[in-house]
Amino acid sequence: MIKALTTLPRELKRIVAVSIDIWALTFSYVFALSVRYETFYIPSGNELYALGLAIPVSLLLFVKFGLYRAIVRYLALSALLVITLGVLTSALVLEAAIWVLGTNIPFSVVINYGLMSLVLVGGLRLLMRAMYEQRVSREKEPVIIYGAGSAGRQLAQALTNGSEFHPTCFVDDDSTLHGSSMMGLRVRNPDKMQHWINRYKAKHVLLACPSATRSRRKEILEQLESYRITVQSIPGMSEMVNGQMKIDELQDVRIEDLLGRDPVPPNRKLLDLDIRDKVVMVTGAGGSIGSELSRQILQTQPKVLILFEMAEFNLYAIERELVSINSCEELGVKIVPMLGSVCNRERLTSLMTNYQVDTVYHAAAYKHVPLVEFNVEEGVRNNILGTLCTAEAALKSGVSNFVLISTDKAVRPTNVMGATKRFAELVLQGLAKRQEAEGTPRMRISMVRFGNVLGSSGSVVPLFRKQIEAGGPVTVTDPEITRYFMTIPEAAQLVIQAGAMGSLHAKKTNDAGGNVYVLDMGEPVKIDHLARKLIRLMGLEVKNLENPHGDIEIHYSGLRPGEKLYEELLIGDEVVPTDHERIMGAKELALSWLEVSNFIEELQRKLVEQDTQGIHELLVRAPLAFEPVTGVSDLLWNVNGNDNTSIVENIKKKGVDARGIA
């Protein structure tokens, strides 16, 4: 019946509602008379005429009050107030009709009429709504809401009005709420989660605790991980306050919640030092780190923000985004999008000179380990010579501060990408020493080293999600492979603060800096464990020999060229604490500019000669602690049939120490 009523045309539904109300008012009148006279009483004469006057006027008033515009299935408290007002007015109309007709009916009949009309007119609508919700809830997927706070209640209301999920109960850590009822839903004890999952046949748990710390969310997720149920969450509080997302826009569990790492409030003075009211340039501004740096720099309100990027679409995307933020928040920053390569020294010098750049954040680099292994020359050209060109252009243009975005893969590298980034650090340290030797330290240089960022291009997390959604298998290179992780916003924020620390230190010591800063990445994470957590939190099970009926297999593909099991963040044991709990200073081996320039000259010759193997051997000979685990993997080099013998073995044959300088 409910389904038939809901599919009727709107006008026909109104006719049905009017007919029911006529019956309800008539019954209420007969009921009121019967109660008064303590017998079943049928009105007649003026008693019947009074009802005949009251009903049409009451219906007209119901129309006037908008009662027939209200959709019963979405009946709200405001509609119940309208019903109360309409019934009260109907009772007054009946009393007026009785008085006009001079009918001898006691006033108690009018009161009983009003009460019974309220019960029937309002109650029938509430009953219809309850029956509709019950029918619809059977078609929707049952879910449990974790968190009975305001966010949980709002989510329950949104889901009730939606068409996808049916909230069955709340689960909350507050023991004082257990057994109580909110919005018709009971609040349950999370210690009995498996019982509630079975009882309500729930397939999803929705986290509704946006203000909880990440460490607390991690504890909740670890508790839910043991159940075969999909876990999703509502957006963060900041996203809802900013209007970016609605409370019922559910998200998959974010990896930062699995890590349980709470961000540290930034030092506002450090964020402002090299940015506010200055001309700031970000190279690689369209990349994962470069784009987030640009967003945070914009919020700090520089005078000019220059976005330097080689990829046209990436530049277009970040420029459009920042222009929109700049306009909406009235930040008043001039945004300059510039296409170009960091290897184009002349363009860089012209750009920095004409715009009088104060601070450069050099994020442009090739960072994908296997791709750089397959394209050695381009990796070397972009990461080493590109850094040299950018830094020398900055030096020539009078830039005050230069910050290099480095990587944990620069520590005892086993791949070309890590070796090039460590070489880039040596280049900048050499330039710092050259300035000090010349007695004119004009540009303060800093380097910031950190590990993998979550959600970056090439990150494993979105790849795992796609593989799980496609039914698997999930590919992990090795069961023991371990990585450090940090969110992109936290990494960018710490990079800015570390760069400012380098500036302050260089000012105090009156030198060019050249300091290497290392971000505290927290505890390393096993990628295999990460993949298993994601599988379980998506309501699935790992399929293996112990569980042949599972859902998703994990395949181990083996380490890729240049990849190593464990990443390190420091060279040596000398770590210097700083004023910031998540930023450390690292004392590193540094070369003089003469030593660095000799390596660069040799590198440039080999690039001209397209001697890929010679470049590889030079990277091993340089003091980078580079120990390649494979030979030359460059695709162009190998397609020509060149010898792919291990570089380490080649160098050892020539009597050279593969870990250091010849």
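Each reported figure results from applying straightforward, stated rules to the coordinates on display, with no laboratory input. Only a predicted model underlies this, so the values are computations on that prediction, with no experimental measurement involved. Quick reminder, even Gly has a Cβ in these numbers, built from the backbone with ideal geometry, and neighbours come from all protein chains shown.
By how many nm would the segment from ALA470 to GLU329 lengthen if fully extended, with 0.36 nm per residue of separation less the alpha-carbon distance?
Net length gain for the segment: 46.7 nm.
Each residue of region 462-468 in order: what ³J(HN,Hα) in whole Hz does its phi give by Karplus 6.51 cos²θ - 1.76 cosθ + 1.60, θ = phi - 60°, with x for Gly and Pro?
Once rounded to whole Hz, the list reads x, 5, 4, 4, 4, 5, 5.
What nm value, rounded to one decimal, do you get for the distance between LYS64 and PHE40 when each label is placed 7 Å out toward the C-beta?
3.7
Take the Cβ-Cβ distance between TYR316 and THR26 as r, set R0 to 45 Å, and report the resulting FRET efficiency rounded to the nearest 0.05.
0.05
With an 8 Å cut-off on Cα pairs and a minimum separation of 6 or more residues, tell me the relative contact order of region 407-566 in percent.
Computed over region 407-566, the figure is 31 percent.
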